[in-house]
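What follows is a set of notes on a single structure, which appears directly below.
The values are calculated or read from the model by the stated rules, or taken from the named source; none is laboratory data. It should be emphasised that the depicted structure is a prediction, and the values quoted were computed from it without experimental measurement. Methodologically, a virtual Cβ is constructed for each residue, glycine included, from the backbone with ideal geometry; neighbour enumeration extends over all protein chains shown. SASA here: full protein model, heavy atoms, side chains in, ligands and nucleic acids out. Shrake-Rupley method; radii C 1.70, N 1.55, O 1.52, S 1.80 Å.
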Amino acid sequence: MRFAPPNPLRIADRASGLNALSVRSYNERLVLSLLLQNEGISRMEIGEKTGLSAQTASVIVRSLEQEGLVSQGEAQRGRVGPPTIPLSLNPEGAYAVGVGFSRRRIDIALIDFIGTVRFHTQLPADEANPFPQSSELFGAIRQAMTSLPVEVRSRVAGIGLAVPDDVDTMAATRSGSSTSLKALQGEIEEQIKLPVFVQNDITAAAGGESMFGVAKPLNDYLFFYLGARLQSRLILNHQIYKGNSSASFDHGLMRLESELAMRGRPSEIIWSSSPEWPDLGEAYSAWLGECSDRLKASISALTQFVEFNSVVLSSYAPQKIAEALCDDIGREFPGIEALPARVSISPKAVGAASLPFSSRFMIQ
(Lines give C-alpha, C1' and ligand atoms only; values in the text may rest on other atoms or scores of the structure.)
Protein backbone atom coordinates (compact mmCIF):
# COMPACT_ATOMS: atom_id res chain seq x y z
CA MET A 1 0.00 0.00 0.00
CA ARG A 2 1.46 3.33 -1.05
CA PHE A 3 1.33 6.00 1.67
CA ALA A 4 2.68 9.49 1.35
CA PRO A 5 5.17 10.58 3.99
CA PRO A 6 3.58 12.33 6.98
CA ASN A 7 5.71 15.47 6.71
CA PRO A 8 5.70 18.31 4.19
CA LEU A 9 8.42 17.58 1.69
CA ARG A 10 10.95 20.33 2.15
CA ILE A 11 13.47 22.11 2.01
CA ALA A 12 16.04 22.81 -0.63
CA ASP A 13 17.66 25.81 1.00
CA ARG A 14 18.77 23.76 3.99
CA ALA A 15 19.85 20.66 2.01
CA SER A 16 23.16 19.92 0.35
CA GLY A 17 23.49 18.78 -3.23
CA LEU A 18 25.73 16.00 -4.51
CA ASN A 19 27.54 16.16 -7.82
CA ALA A 20 27.90 12.44 -8.53
CA LEU A 21 26.02 11.23 -11.59
CA SER A 22 24.56 8.37 -9.56
CA VAL A 23 22.47 10.80 -7.50
CA ARG A 24 21.29 13.04 -10.30
CA SER A 25 17.67 12.27 -9.47
CA TYR A 26 18.21 13.60 -5.96
CA ASN A 27 19.78 16.76 -7.36
CA GLU A 28 16.85 17.30 -9.70
CA ARG A 29 14.49 17.05 -6.75
CA LEU A 30 16.73 19.46 -4.87
CA VAL A 31 16.48 22.06 -7.62
CA LEU A 32 12.71 21.61 -8.04
CA SER A 33 12.19 21.96 -4.28
CA LEU A 34 14.24 25.14 -4.28
CA LEU A 35 12.25 26.61 -7.17
CA LEU A 36 8.99 25.74 -5.42
CA GLN A 37 10.01 27.99 -2.54
CA ASN A 38 12.00 30.64 -4.41
CA GLU A 39 10.37 31.74 -7.63
CA GLY A 40 12.58 33.69 -10.00
CA ILE A 41 16.04 32.69 -8.77
CA SER A 42 19.02 32.35 -11.12
CA ARG A 43 21.30 29.43 -11.91
CA MET A 44 24.01 31.08 -9.84
CA GLU A 45 21.70 31.33 -6.83
CA ILE A 46 20.72 27.68 -7.26
CA GLY A 47 24.37 26.73 -7.02
CA GLU A 48 24.92 28.92 -3.98
CA LYS A 49 21.90 27.59 -2.10
CA THR A 50 22.40 23.89 -2.90
CA GLY A 51 26.19 23.57 -2.97
CA LEU A 52 26.05 22.17 -6.50
CA SER A 53 28.82 23.17 -8.86
CA ALA A 54 27.91 25.72 -11.51
CA GLN A 55 28.27 23.09 -14.23
CA THR A 56 26.09 20.55 -12.42
CA ALA A 57 23.39 23.12 -11.66
CA SER A 58 23.38 24.26 -15.27
CA VAL A 59 23.07 20.71 -16.62
CA ILE A 60 20.20 19.91 -14.26
CA VAL A 61 18.33 23.11 -15.06
CA ARG A 62 18.72 22.51 -18.78
CA SER A 63 17.36 18.98 -18.40
CA LEU A 64 14.38 20.17 -16.36
CA GLU A 65 13.66 22.85 -18.94
CA GLN A 66 13.65 20.25 -21.70
CA GLU A 67 11.19 18.17 -19.69
CA GLY A 68 8.93 21.19 -19.35
CA LEU A 69 9.15 21.32 -15.55
CA VAL A 70 11.09 24.60 -15.37
CA SER A 71 10.63 27.78 -17.37
CA GLN A 72 12.71 30.92 -17.88
CA GLY A 73 11.62 34.46 -17.24
CA GLU A 74 12.77 37.59 -19.01
CA ALA A 75 16.45 38.44 -18.66
CA GLN A 76 17.17 40.95 -15.89
CA ARG A 77 19.67 43.59 -17.00
CA GLY A 78 21.36 46.42 -15.17
CA ARG A 79 24.04 44.48 -13.32
CA VAL A 80 27.71 44.09 -14.13
CA GLY A 81 28.23 41.07 -16.36
CA PRO A 82 25.73 39.09 -18.43
CA PRO A 83 21.97 39.49 -17.75
CA THR A 84 20.43 37.28 -15.07
CA ILE A 85 17.69 34.90 -16.22
CA PRO A 86 15.15 34.09 -13.47
CA LEU A 87 13.89 30.50 -13.29
CA SER A 88 10.56 29.20 -11.99
CA LEU A 89 8.52 26.04 -11.95
CA ASN A 90 6.42 25.75 -15.09
CA PRO A 91 2.75 25.67 -13.96
CA GLU A 92 1.96 23.37 -16.91
CA GLY A 93 4.88 21.09 -16.09
CA ALA A 94 2.80 18.69 -14.01
CA TYR A 95 -0.70 18.24 -12.64
CA ALA A 96 -2.27 16.16 -9.88
CA VAL A 97 -5.74 15.24 -8.69
CA GLY A 98 -6.70 15.40 -5.01
CA VAL A 99 -9.73 13.94 -3.26
CA GLY A 100 -10.68 15.32 0.14
CA PHE A 101 -13.14 13.26 2.20
CA SER A 102 -15.29 15.02 4.80
CA ARG A 103 -18.42 14.23 6.76
CA ARG A 104 -20.82 16.03 4.43
CA ARG A 105 -19.02 16.24 1.10
CA ILE A 106 -16.20 14.93 -1.03
CA ASP A 107 -14.08 17.47 -2.90
CA ILE A 108 -12.20 16.62 -6.08
CA ALA A 109 -9.61 19.14 -7.28
CA LEU A 110 -7.00 19.24 -10.02
CA ILE A 111 -4.01 21.51 -9.44
CA ASP A 112 -1.07 22.56 -11.57
CA PHE A 113 2.61 22.44 -10.60
CA ILE A 114 2.45 25.63 -8.49
CA GLY A 115 -0.77 24.70 -6.68
CA THR A 116 -3.33 26.67 -8.68
CA VAL A 117 -6.71 24.94 -8.70
CA ARG A 118 -7.65 24.25 -12.33
CA PHE A 119 -10.76 22.16 -11.65
CA HIS A 120 -13.00 21.62 -8.62
CA THR A 121 -16.20 19.67 -8.07
CA GLN A 122 -18.03 18.05 -5.17
CA LEU A 123 -19.91 14.86 -4.42
CA PRO A 124 -22.32 14.45 -1.53
CA ALA A 125 -21.11 12.39 1.42
CA ASP A 126 -23.07 10.33 3.90
CA GLU A 127 -21.65 9.88 7.40
CA ALA A 128 -22.97 6.32 7.44
CA ASN A 129 -21.38 5.62 4.05
CA PRO A 130 -18.19 7.72 3.80
CA PHE A 131 -17.05 6.39 0.42
CA PRO A 132 -19.36 7.07 -2.54
CA GLN A 133 -20.21 4.70 -5.33
CA SER A 134 -17.00 3.96 -7.19
CA SER A 135 -18.51 4.97 -10.49
CA GLU A 136 -19.32 8.44 -9.17
CA LEU A 137 -15.84 9.00 -7.76
CA PHE A 138 -14.09 7.61 -10.84
CA GLY A 139 -16.30 9.80 -13.01
CA ALA A 140 -15.35 12.91 -11.04
CA ILE A 141 -11.62 12.05 -11.20
CA ARG A 142 -11.84 11.45 -14.95
CA GLN A 143 -13.77 14.72 -15.33
CA ALA A 144 -10.93 16.52 -13.57
CA MET A 145 -8.35 14.95 -15.86
CA THR A 146 -10.32 15.56 -19.07
CA SER A 147 -10.67 19.23 -18.12
CA LEU A 148 -7.06 19.49 -19.30
CA PRO A 149 -6.13 19.80 -22.98
CA VAL A 150 -5.46 16.39 -24.52
CA GLU A 151 -1.78 17.13 -25.11
CA VAL A 152 -0.98 17.63 -21.40
CA ARG A 153 -3.07 14.89 -19.79
CA SER A 154 -0.02 12.64 -19.70
CA ARG A 155 1.50 15.14 -17.23
CA VAL A 156 -0.90 14.15 -14.43
CA ALA A 157 1.51 12.82 -11.81
CA GLY A 158 -0.94 10.92 -9.65
CA ILE A 159 -3.91 11.05 -7.31
CA GLY A 160 -3.94 11.89 -3.61
CA LEU A 161 -6.58 10.94 -1.05
CA ALA A 162 -7.02 12.99 2.14
CA VAL A 163 -9.00 10.87 4.56
CA PRO A 164 -10.03 11.44 8.21
CA ASP A 165 -8.80 8.67 10.48
CA ASP A 166 -12.29 7.71 11.58
CA VAL A 167 -13.73 7.55 8.04
CA ASP A 168 -11.85 4.38 7.13
CA THR A 169 -12.76 2.88 10.49
CA MET A 170 -16.43 3.52 9.81
CA ALA A 171 -16.14 2.06 6.32
CA ALA A 172 -14.29 -1.03 7.51
CA THR A 173 -16.76 -1.77 10.32
CA ARG A 174 -19.96 -0.84 8.53
CA SER A 175 -22.32 -3.80 8.40
CA GLY A 176 -22.20 -5.54 5.05
CA SER A 177 -19.58 -3.18 3.64
CA SER A 178 -16.93 -4.40 1.25
CA THR A 179 -15.45 -0.94 0.72
CA SER A 180 -12.39 0.13 2.66
CA LEU A 181 -9.74 2.72 2.08
CA LYS A 182 -7.25 0.09 0.97
CA ALA A 183 -9.74 -1.41 -1.47
CA LEU A 184 -10.70 2.03 -2.79
CA GLN A 185 -7.06 2.96 -3.31
CA GLY A 186 -6.37 -0.23 -5.25
CA GLU A 187 -9.50 0.18 -7.35
CA ILE A 188 -8.60 3.74 -8.31
CA GLU A 189 -5.09 2.66 -9.33
CA GLU A 190 -6.51 -0.16 -11.40
CA GLN A 191 -9.16 1.93 -13.11
CA ILE A 192 -7.36 5.26 -13.59
CA LYS A 193 -3.86 3.79 -14.13
CA LEU A 194 -2.12 6.33 -11.92
CA PRO A 195 -0.39 5.96 -8.53
CA VAL A 196 -2.58 6.81 -5.55
CA PHE A 197 -1.19 8.30 -2.32
CA VAL A 198 -3.04 8.41 1.01
CA GLN A 199 -2.69 10.83 3.89
CA ASN A 200 -4.65 11.94 6.94
CA ASP A 201 -6.87 14.83 5.87
CA ILE A 202 -5.65 17.49 8.33
CA THR A 203 -2.02 16.55 7.77
CA ALA A 204 -2.61 16.78 4.01
CA ALA A 205 -4.18 20.24 4.37
CA ALA A 206 -1.21 21.40 6.44
CA GLY A 207 1.19 19.98 3.85
CA GLY A 208 -0.61 21.72 1.00
CA GLU A 209 -0.47 25.06 2.79
CA SER A 210 3.21 24.46 3.49
CA MET A 211 3.94 23.82 -0.19
CA PHE A 212 1.72 26.43 -1.83
CA GLY A 213 0.38 28.86 0.75
CA VAL A 214 1.29 31.43 3.38
CA ALA A 215 3.16 28.79 5.38
CA LYS A 216 5.73 28.26 2.63
CA PRO A 217 8.43 30.45 4.29
CA LEU A 218 7.63 29.35 7.86
CA ASN A 219 9.82 26.93 9.78
CA ASP A 220 7.67 26.63 12.91
CA TYR A 221 3.97 27.33 13.25
CA LEU A 222 0.70 26.03 14.65
CA PHE A 223 -1.81 24.97 12.01
CA PHE A 224 -5.55 24.91 12.64
CA TYR A 225 -8.17 23.50 10.30
CA LEU A 226 -11.74 24.69 10.81
CA GLY A 227 -14.08 22.16 9.26
CA ALA A 228 -16.74 19.96 10.80
CA ARG A 229 -14.39 19.96 13.79
CA LEU A 230 -11.59 22.25 14.85
CA GLN A 231 -8.33 20.34 14.52
CA SER A 232 -4.65 21.20 14.61
CA ARG A 233 -1.13 20.19 13.71
CA LEU A 234 2.14 21.53 15.09
CA ILE A 235 4.91 22.16 12.55
CA LEU A 236 8.45 22.40 13.94
CA ASN A 237 11.48 22.69 11.66
CA HIS A 238 9.18 21.91 8.72
CA GLN A 239 8.00 18.63 10.24
CA ILE A 240 4.30 18.02 10.93
CA TYR A 241 3.42 16.59 14.33
CA LYS A 242 -0.03 15.12 14.77
CA GLY A 243 -0.03 14.16 18.44
CA ASN A 244 -2.64 11.88 19.97
CA SER A 245 -5.70 14.06 19.47
CA SER A 246 -7.10 17.12 17.74
CA ALA A 247 -7.20 20.54 19.33
CA SER A 248 -10.94 20.18 19.82
CA PHE A 249 -13.77 18.03 18.57
CA ASP A 250 -16.44 20.47 19.63
CA HIS A 251 -15.98 23.91 18.11
CA GLY A 252 -16.16 23.37 14.34
CA LEU A 253 -19.02 23.75 11.91
CA MET A 254 -20.93 20.88 13.50
CA ARG A 255 -21.30 23.08 16.58
CA LEU A 256 -22.58 25.94 14.43
CA GLU A 257 -25.05 23.57 12.78
CA SER A 258 -26.37 22.58 16.21
CA GLU A 259 -26.69 26.22 17.25
CA LEU A 260 -28.65 27.01 14.09
CA ALA A 261 -30.91 23.99 14.57
CA MET A 262 -31.73 25.07 18.11
CA ARG A 263 -32.96 28.38 16.71
CA GLY A 264 -34.84 26.84 13.79
CA ARG A 265 -32.42 28.24 11.21
CA PRO A 266 -31.36 26.34 8.05
CA SER A 267 -27.73 25.21 7.98
CA GLU A 268 -27.15 23.90 4.44
CA ILE A 269 -25.11 26.95 3.45
CA ILE A 270 -22.31 26.18 5.92
CA TRP A 271 -21.50 22.88 4.17
CA SER A 272 -21.21 24.48 0.75
CA SER A 273 -18.25 26.21 -0.89
CA SER A 274 -20.04 29.53 -0.97
CA PRO A 275 -17.61 32.46 -0.54
CA GLU A 276 -20.27 34.32 1.44
CA TRP A 277 -22.83 33.27 4.04
CA PRO A 278 -26.07 35.12 4.72
CA ASP A 279 -26.67 36.73 8.08
CA LEU A 280 -26.95 33.79 10.50
CA GLY A 281 -27.81 35.94 13.48
CA GLU A 282 -27.03 35.26 17.11
CA ALA A 283 -26.18 31.61 16.51
CA TYR A 284 -23.26 32.60 14.31
CA SER A 285 -22.03 35.31 16.69
CA ALA A 286 -22.13 32.94 19.67
CA TRP A 287 -20.35 30.19 17.74
CA LEU A 288 -17.65 32.53 16.43
CA GLY A 289 -16.92 33.75 19.96
CA GLU A 290 -16.67 30.18 21.28
CA CYS A 291 -14.42 29.21 18.39
CA SER A 292 -12.14 32.18 19.06
CA ASP A 293 -11.93 31.32 22.76
CA ARG A 294 -11.04 27.70 21.94
CA LEU A 295 -8.30 28.76 19.54
CA LYS A 296 -6.79 31.18 22.04
CA ALA A 297 -6.92 28.60 24.83
CA SER A 298 -5.12 26.06 22.66
CA ILE A 299 -2.43 28.56 21.69
CA SER A 300 -1.97 29.69 25.29
CA ALA A 301 -1.55 26.11 26.50
CA LEU A 302 0.99 25.24 23.81
CA THR A 303 3.11 28.39 24.23
CA GLN A 304 3.99 27.20 27.73
CA PHE A 305 5.96 24.33 26.19
CA VAL A 306 6.83 25.24 22.60
CA GLU A 307 8.13 28.48 21.11
CA PHE A 308 6.54 29.55 17.83
CA ASN A 309 5.70 32.91 16.28
CA SER A 310 3.05 32.02 13.70
CA VAL A 311 -0.43 30.51 13.55
CA VAL A 312 -2.08 29.51 10.26
CA LEU A 313 -5.85 29.03 10.14
CA SER A 314 -7.27 27.05 7.22
CA SER A 315 -10.92 26.44 6.33
CA TYR A 316 -13.22 26.07 3.37
CA ALA A 317 -15.63 28.44 5.15
CA PRO A 318 -15.69 32.06 3.88
CA GLN A 319 -12.35 33.82 4.19
CA LYS A 320 -13.78 36.56 6.36
CA ILE A 321 -14.31 34.00 9.14
CA ALA A 322 -10.63 33.03 9.18
CA GLU A 323 -9.69 36.73 9.01
CA ALA A 324 -11.91 37.60 12.00
CA LEU A 325 -10.51 34.74 14.07
CA CYS A 326 -6.94 35.65 13.14
CA ASP A 327 -7.59 39.25 14.20
CA ASP A 328 -8.79 37.99 17.60
CA ILE A 329 -5.67 35.85 17.98
CA GLY A 330 -3.43 38.76 17.05
CA ARG A 331 -5.02 40.99 19.69
CA GLU A 332 -4.64 38.30 22.35
CA PHE A 333 -1.04 37.37 21.41
CA PRO A 334 0.82 40.42 20.04
CA GLY A 335 3.99 38.36 19.55
CA ILE A 336 2.28 35.79 17.32
CA GLU A 337 1.40 36.43 13.68
CA ALA A 338 -1.95 34.83 12.86
CA LEU A 339 -2.45 34.22 9.15
CA PRO A 340 -5.52 33.07 7.20
CA ALA A 341 -4.47 30.24 4.90
CA ARG A 342 -4.02 31.05 1.22
CA VAL A 343 -5.43 27.72 0.02
CA SER A 344 -9.15 28.31 0.41
CA ILE A 345 -10.70 26.15 -2.33
CA SER A 346 -10.96 22.75 -0.67
CA PRO A 347 -7.72 22.76 1.37
CA LYS A 348 -7.96 19.00 1.97
CA ALA A 349 -8.24 18.17 -1.74
CA VAL A 350 -5.42 20.57 -2.64
CA GLY A 351 -3.27 19.04 0.10
CA ALA A 352 -4.09 15.58 -1.24
CA ALA A 353 -3.13 16.66 -4.76
CA SER A 354 0.23 17.88 -3.46
CA LEU A 355 1.15 14.33 -2.40
CA PRO A 356 2.08 13.04 -5.89
CA PHE A 357 4.22 16.15 -6.43
CA SER A 358 5.99 15.57 -3.14
CA SER A 359 6.65 11.94 -3.93
CA ARG A 360 7.80 12.38 -7.52
CA PHE A 361 9.50 15.74 -7.66
CA MET A 362 10.48 17.10 -4.25
CA ILE A 363 13.05 16.36 -1.56
CA GLN A 364 11.78 13.79 0.93
Considering amide H positions built from the backbone, and no H for Pro or chain starts, which residues 5 or more places from Val312, or on another chain, come under 5 Å of its amide H? Leu222, Phe223, Phe224, Leu339
Out-of-range pairs (alpha-carbon distance over 20 Å; input Lys49/Lys216; Lys193/Lys216; Lys49/Lys348): Lys193/Lys216; Lys49/Lys348
Distant-in-sequence amide H partners of Gly252 (H built 1.01 Å from N, under 5 Å): Leu230
Rounded to whole Hz, the Karplus (6.51, -1.76, 1.60) HN-Hα couplings of region 345-358, x for glycine and proline: 8, 6, x, 5, 5, 5, x, 4, 5, 6, 4, x, 4, 4
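Leaving out ligands and nucleic acids, and using a 1.4 Å probe, what accessible area per residue does region 283-364 come to in Å²? Mind showing how you got there, number by number?
On the way: 3290 Å² over 82 residues.
With the other protein chains kept in place, region 283-364 gives 40 Å² per residue.
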Integer Hz, Karplus 6.51/-1.76/1.60 couplings in order for region 275-291, x for Gly and Pro: x, 9, 10, x, 5, 9, x, 5, 4, 5, 4, 5, 5, 4, x, 5, 5
Amide hydrogen neighbours beyond the local backbone of Arg342, cut-off 5 Å, H modeled: Val214, Ala215
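In region 210-308, which chymotrypsin sites (Phe, Trp or Tyr not before Pro) fall in coil by DSSP and have 15 or fewer other Cβ atoms within 10 Å?
Details: sites: Phe212, Tyr221, Phe223, Phe224, Tyr225, Tyr241, Phe249, Trp271, Tyr284, Trp287, Phe305, Phe308; in loops: Phe249, Phe305, Phe308.
Those that pass, being in a loop and sparsely packed, are Phe249, Phe305.
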Tell me the carbon and sulfur percent of the accessible area for region 238-364, rounded to whole percent, probe radius 1.4 Å. 49 percent
